[in-house]
Amino acid sequence: MAESKSHAERHASAAETFKAFAPGVEPERIAESFARRMGPLGGMAFDVVGAMWSRPQLNRRDRSLLVISVLAAQARDEELEAHTGNGLRNGLTPEEIREVLLHVAAYAGYPAAMASSRRIDKALLAASGEETLPARTASAPKSDEERDRDGAEVLATIAGWSSPLDPAEGLARMEAMLGEVGVVAYRWAFGEIWCRPQLSRRDRSIVVIAILVSLGAVAELAVHAPAGLRHGLTRVEIEEIVSHLSLYAGIPRAVEAMRAVREAFGKIDEAA
């Protein structure tokens, strides 16, 4: 059962969060500014958002990862820039933050990813103190044979199959179920994005679960919540991702996501 706290206790917890959000700025000044400019919305933003970020079920790096993922999928502007800087302070690297955009492209679409890339770059440039960001290079090209090989390994892990999957069989399964969408998912999302080393599989599950919650894609959550367990997340952490996103994707999305996640966990328990 959830514990009860006084407002002063919740406010103090939120203040600790905002010390990390805005180093060097007195949290009470932020709270007063929020309330003066936005009234009840600002007051609640300080207390409720701050308290959520201070919960121990996920560390702040994980919370930054999931919030950046959702804000990028939603193509938010100012909020994405602010949370990119916050993510750097919470331990994410520029490379890790940019890697999120590949999943945004696959799970929320290229328009959101391209728009968010510009905002993230603006924030990374501001944080670097340099005039320009270093030049980047494209990913190494892969043949379809290589994509099928890597896609088979990713699909087997996500689906929870204990035996290795033949690459051609995996492609055939996806194509039979979903047509060209299955081919794109298998060869691109699985065969190129999920297998990259720039983020761990656990991190990628955080990113994808967060995006799916924000989109209301509950059928896909039924697949990716169990996959998150296989990638190193705990049930508590997965439910905390959903809880956190009640503030960033809205309570109705979080309610539907929590139902889907708990139903998926229930099926695991029944099978055991």
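Scanning the stretch 157-169 for residues being surrounded by fewer than 17 Cβ atoms within 10 Å (Cβ to Cβ) and without any contact (Cβ under 8 Å) to a residue 60 or more places away in the chain gives a total of 7. The single condition among (1) within 30 Å of Gly50 (Cβ to Cβ); (2) of a type in the set (Lys, Arg); (3) loosely packed, with under 13 Cβ neighbours inside 10 Å that Arg136 does not satisfy is (1). On the stretch given as the stretch 104-113, residues that are aliphatic (A, V, I, L, M) and surrounded by fewer than 19 Cβ atoms within 10 Å (Cβ to Cβ) total 0. Could we say that Phe18 is farther than 22 Å from Ile251 by Cα, over 18 Å from the mean Cα position of the chain (by Cα) and aromatic (Phe, Trp, Tyr) here? When the stated conditions are applied, Phe18 passes them. Checking each residue in the stretch 1-44 for being surrounded by 14 or more Cβ atoms within 10 Å (Cβ to Cβ) and at positive phi picks out no residue at all.
The residue pairs whose first member lies in the stretch 114-125 and is surrounded by fewer than 15 Cβ atoms within 10 Å (Cβ to Cβ), whose second member is among the hydrophobic types (A, V, I, L, M, F, W, C), and whose beta carbons are closer than 7 Å, counting only pairs six or more residues apart or on different chains, are Leu125/Leu133.
Condition check: under 30 Å from Ala115 (Cβ atoms), touching a helix residue (DSSP H, G or I) at 6+ places or on another chain (Cβ under 7 Å) and surrounded by fewer than 18 Cβ atoms within 10 Å (Cβ to Cβ). Does Asp62 satisfy that?
No.
Readers should treat all values here as calculations from the given coordinates under stated rules, not as data from a laboratory. All of these numbers come straight from a predicted model, not from anything done at the bench. Every residue, glycine among them, receives a Cβ derived from its backbone with ideal geometry; neighbour counts consider all protein chains shown.
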